[in-house]
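Inspection log for the structure reproduced underneath, given as structure tokens.
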Amino acid sequence: MDKKDIKKVVLAYSGGLDTSIIIPWLKENYNNCEVIAVAGNVGQADELDGLEEKAIKTGASKLIVADLVDEMVDEIIIPSVKMGAKYETYLLGTAFARPVIAKRLAEIALEENADAICHGCTGKGNDQVRFELAIKRFAPEMKIIAPWREWDIKSRDEEIDYAEAHNVPLKINRETNYSKDKNLWHLSHEGLDLEDPANEPDYDKPGFLEMGISPMKAPDAPTYVTLDFEAGAPVAIDGEKMKASKIIEKLNVLGGANGIGIIDIVENRLVGMKDRGVYETPGGTILYFAHDQLEMLTVDKDTLHLKQKLAVDYADLIYNGKWYSPLQEALTAFANESNKYVTGTVKLKLYKGNVIPAGMTSPYSLYSEDLATFDESDYDQKDAQGFINLWGLPTKVQAMRDAKINKK
């Protein structure tokens, strides 16, 4: 489609630096097209405040806010918790949100008879892939505009220059210009001093951490929390039943107050480069840990070990933008089936950045104290001799063969 034919564009809009300047840029470079700003509410809280006024002042015809919190949590995060999916050590915060945002973008673009969808992802990152694969799944013929692959702007400093020249209001300045992404699950920090892995993050710098405090500033007394699960999904916190998104909200508060879930990593991006980032995932870190504890009690060895292997593939799939795929559906079915007995209660102690087990129970426990005890039990230790003889038979036969060969 030629530029001159593009009259209406749906923009993935967050109100951050990139998407704030994209509205005037689109109007300058795409024939003063109509720009419909779409913000996906994925739990970024106060970042949505004042967004409509800002979008319209900078040239959008309207702002649509799509409530996607529960869809993200129930359809993507909870299956990932069940699978134990981690990308390297990253708990996939940004990657969890992108599929549902992009899906809704595509739906709105079709509803509005838009000519194109625009996003603010850079040509260096993973998000451009995540957005565009989901858009291709739900609006395969839709043109996609990616300004970072078109314009002459080369840096965030130049973006600020453009914003200042076009009177676009910003909440940041050049000194606090970290690239951040926030949702219910996490907050990421990239750029500035973090670009050099030799630099220690200044966790105590005012305004750096937003979801909690550093472990060094956490209370000297531990906090206890109890989580109830049914078939691998969290259903209650401290005995109070609520939906999963509300449980994560409460865990964020408890975890943040105790310095839980702060990681500093260098990860392997899909596009081929390594990238350094600091991530805050207080509630998610607690939830993953609690689920892992209950799995140890309720899932058999073979299923657990296979699930741990598949968790790497599941995390890769999410990280690489392939959520809407047949493989995801197959792996999610395995995650659900393998978690059908992951029901019970887990008690944890939160202390200065650490999540510490404090007891667990399950009606489907595979743990038998009678078998495992060091005291007298029904376990006949003589049975081990025959087992070892059979288990070690291939080793013994190989040794006998090698002995014959060496005699020659």
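The values are calculated or read from the model by the stated rules, or taken from the named source; none is laboratory data. Being a predicted model, the structure only gives us computed values, none of them experimental. Quick reminder, even Gly has a Cβ in these numbers, built from the backbone with ideal geometry, and neighbours come from all protein chains shown. Heads up: the accessible areas ignore ligands, DNA and RNA and are worked out on the full protein's heavy atoms, side chains in. Shrake-Rupley method; radii C 1.70, N 1.55, O 1.52, S 1.80 Å.
Kindly evaluate Pro219 against the criterion of being assigned to a loop (DSSP other than H, G, I, E, B) and loosely packed, with under 15 Cβ neighbours inside 10 Å. Considered against the rule, which asks whether it is assigned to a loop (DSSP other than H, G, I, E, B) and loosely packed, with under 15 Cβ neighbours inside 10 Å, Pro219 comes out as yes.
Scanning the range 349-393 for residues that are open to solvent by less than 90 Å² (accessible area, probe 1.4 Å), free of Cβ contacts under 8 Å to residues at least 60 places away in the same chain and not in a strand (DSSP E or B) yields Ser368, Asp370, Ala372, Thr373, Ser377, Asp380, Ala384, Gly386, Gly392, Leu393. Looking across the range 157-196 at every residue that is in contact with a helix residue (DSSP H, G or I) (Cβ under 9 Å, 6 or more places away or on another chain), at pLDDT 90 or above and charged (D, E, K, R), the one that is least open to solvent (accessible area, probe 1.4 Å) is identified as Glu159. Screening Phe208, Phe229 for residues that are of a type in the set (A, V, I, L, M, F, W, C), touching a Leu at 6+ places or on another chain (Cβ under 6 Å) and open to solvent by less than 10 Å² (accessible area, probe 1.4 Å) leaves exactly one candidate, Phe229.
Residues checked against (1) outside any helix (DSSP H, G or I); (2) closer than 29 Å to Thr176 by Cα; (3) of a type in the set (Phe, Trp, Tyr):
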position	(1), (2), (3)
Met211	yes, yes, no
Pro234	yes, no, no
Val253	no, yes, no
Gly272	yes, yes, no
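Cβ separations smaller than 7 Å between residues 6+ apart or across chains give the following pairs from the range 323-339 residues that are in a helix (DSSP H, G or I) to residues that are open to solvent by 60 Å² or more (accessible area, probe 1.4 Å): Gln328/Lys322; Leu331/Asp313.
Residue check, Leu297 against (1) in a helix (DSSP H, G or I); (2) in contact with an Asp or Glu (Cβ under 9 Å, 6 or more places away or on another chain), all met but one. Which one? Single failed check for Leu297: (2). The single condition among (1) part of a helix (DSSP H, G or I); (2) in contact (Cβ under 8 Å) with a residue 12 or more places away in the chain that Val65 does not meet is (1). Within the range 89-101, residues that are among the polar types (S, T, N, Q) have Cβ atoms under 8 Å from residues that are buried (at least 23 other Cβ atoms within 10 Å of the Cβ) in these pairs: Thr94/Asn183; Thr94/His186, counting only partners at least 6 apart in sequence or on another chain. For the range 126-136, indicate whether the set of residues that are farther than 27 Å from Ile153 by Cβ and either among the basic types (Lys, Arg) or open to solvent by 40 Å² or more (accessible area, probe 1.4 Å) (or both) is non-empty. No, the range 126-136 contains no residue that is farther than 27 Å from Ile153 by Cβ and either among the basic types (Lys, Arg) or open to solvent by 40 Å² or more (accessible area, probe 1.4 Å) (or both).
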